[in-house]
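Everything below concerns the one structure shown next.
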Amino acid sequence: MFEGLTGRLGDIFDKLRRRGALSEEDVSAALREVRVALLEADVALPVVKQFVSQVKERAVGQEVLKSVTPGQQVIKIVHDNLVEMLGEGADINLNAAAPVPILMVGLQGSGKTTSTAKIALRLKTKERKKVLMASLDVRRPAAQEQLKVLGEQTGVATLPIVPGQDPVAIAKRAIETGRLEGYDVVMLDTAGRLAIDEELMAEVAAVRDATKPVETLLVADAMTGQDAVTVATNFNDKVGITGIVLTRIDGDARGGAALSMRQITGKPIKLLGVGEKIDALEPFHPDRIAGRILG
Ligand code: GDP
């Protein structure tokens with residue numbers, strides 16, 4: 001397992017055992033460890049560089065407080081900077097005329113369908129919204145059925161399955177049904193692929209143009225580390241995302257993907273998937289992920 005950064009920085013500063021302002025030398029030694037820790041936590045290299053230079057600027061010359069060791073002081077600066085760069089979480093935006101379309105996008109296996117049902121259940125129980133879910137996945141025959149089963153489990157309505165329709169036609173039917181039957185929110189679960197491809201992006205963009213979603217949420221698996229960043233960059237450039245749902249936070253991923261995705265796309269991480277159960281969804285709290293990245 002990883003040796004926590006906290007321990008490693010403590011070791012460096014134990015050797016110094018002196019007080020006064022943090023010198024450039026002290027800070028540089030500590031930042032070498034910070035750099036390694038961030039890379040081990042799967043943070044993308046350009047983000048690591050930016051982070052290290054920000055911390056250096058803040059730390060050099062700071063007086064070490066009497067109550068803490070220099071190591072603790074640097075850790076606090078690193079932690080605070082991480083929290084700032086991770087940004088605040090944000091609520092799902094429902095600020096539009098009903099039915100509010102929410103588009104769910106991401107790779108196959110990222111947890112997209114599960115997250116669609118988790119968010120629908122949350123909107124239903126916490127915000128008392130009437131939610132309709134529709135699967136636009138016509139490639140995997142089981143996908144529409146999977147969403148229907150999740151709908152039955154959660155008591156959230158799903159759009160009746162009509163074989164032979166393409167994703168745009170299903171999406172339009174979902175919005176129309178939402179309008180006619182008085183739904184507040186229509187969640188559109190798009191098809192994933194094993195990897196980014198042009199056909200997938202074109203399909204998702206066509207659904208976006210036909211439905212004008214208020215939220216386009218990228219579902220990304222925290223365990224996929226740096227790949228998640230590539231996926232987020234692609235979806236953001238080609239489709240335009242409004243936020244990120246990071247899944248499998250219950251696993252042992254270090255969470256570096258969160259920092260990279262936030263920095264590179266500039267889009268907020270809105271929710272965390274924390275398990276397979278249908279209520280295993282939590283708001284994003286930057287300090288929790290910062291603690292995890294630091295180890
Ligand atoms: P999709 O292909 O992107 O729609 O992925 P699914 O929603 O079908 O999820 C794939 C698998 O990941 C399923 O077995 C889910 O139960 C599981 N899964 C989804 N989200 C999480 C999560 O946050 N934590 C864990 N441990 N498993 C998850």
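In the chain, the calculated helix contribution to ellipticity at 222 nm averages -16500 deg cm²/dmol per residue, counting -39,500 (n - 2.57) for every DSSP H run with n ≥ 4.
Each Lys and Arg contributes +1 and each Asp and Glu -1, all at the Cβ; summed about the Cα centre of the chain, the dipole is approximately 500 debye. Cross-link pairs exceeding 28 Å in C-alpha to C-alpha distance, out of K238/K277; K130/K277; K129/K267; K124/K148; K49/K76; K49/K270, comprise K238/K277. Taking a straight line from the alpha carbon of K66, these aspartates and glutamates sit under 19 Å away, with near neighbours fewer than eight places off in the same chain left out: D11, D14, D26. The residue among N95, G251, L180 whose Cα reaches farthest toward the positive pole of the charge dipole of the chain, with charges on the beta-carbon of Lys, Arg, Asp and Glu, is N95. Largest GNM mean-square fluctuation across E145, E215, E25, computed for the chain with C-alpha springs under 10 Å, falls on E25.
Pairs of Cα atoms nearer than 8 Å and 6+ residues apart set the relative contact order; for segment 23-163 it is 15 percent.
Give me the percent of DSSP beta bridges within the chain that run antiparallel, rounded to the nearest 5. The answer is about 15 percent antiparallel.
Centroid-to-centroid, using Cα positions, segment 76-113 and segment 182-248 are 12 Å apart. Dividing the mean sequence gap of close Cα pairs (under 8 Å, 6+ apart) by how many residues the chain holds gives a relative contact order of 25 percent. With the whole protein complex present, M223 retains an accessible surface near 90 Å², based on a 1.4 Å probe.
Report the Stokes-Einstein translational diffusion coefficient (µm² s⁻¹, integer) for the chain, Rh taken as the Kirkwood radius over Cα pairs, at 4 °C with viscosity 1.567 mPa s. It diffuses with D of about 64 µm²/s by this estimate. Charges were assigned to the Cβ only: +1 to each Lys and Arg, -1 to each Asp and Glu. The resulting dipole of segment 130-193 about its Cα centre is roughly 160 debye. Rounded to the nearest 0.05, the FRET efficiency derived from the C-beta distance between V162 and T230 at R0 = 30 Å is 0.30.
For G243, the residues 5 or more places off, or on other chains, whose built amide H falls under 5 Å of its own are T216, L218. Highest GNM mean-square fluctuation among L31, L217, L246, for the chain modelled with Cα contacts below 10 Å: L31.
The values are calculated or read from the model by the stated rules, or taken from the named source; none is laboratory data. Small disclaimer: the values here were computed from a predicted structure and weren't measured. Reconstructed Cβ throughout: ideal geometry from the backbone, glycine too, with neighbour counts over all protein chains shown. Protein only, heavy atoms only, side chains kept; ligands, DNA and RNA dropped before computing areas. Shrake-Rupley method; radii C 1.70, N 1.55, O 1.52, S 1.80 Å.
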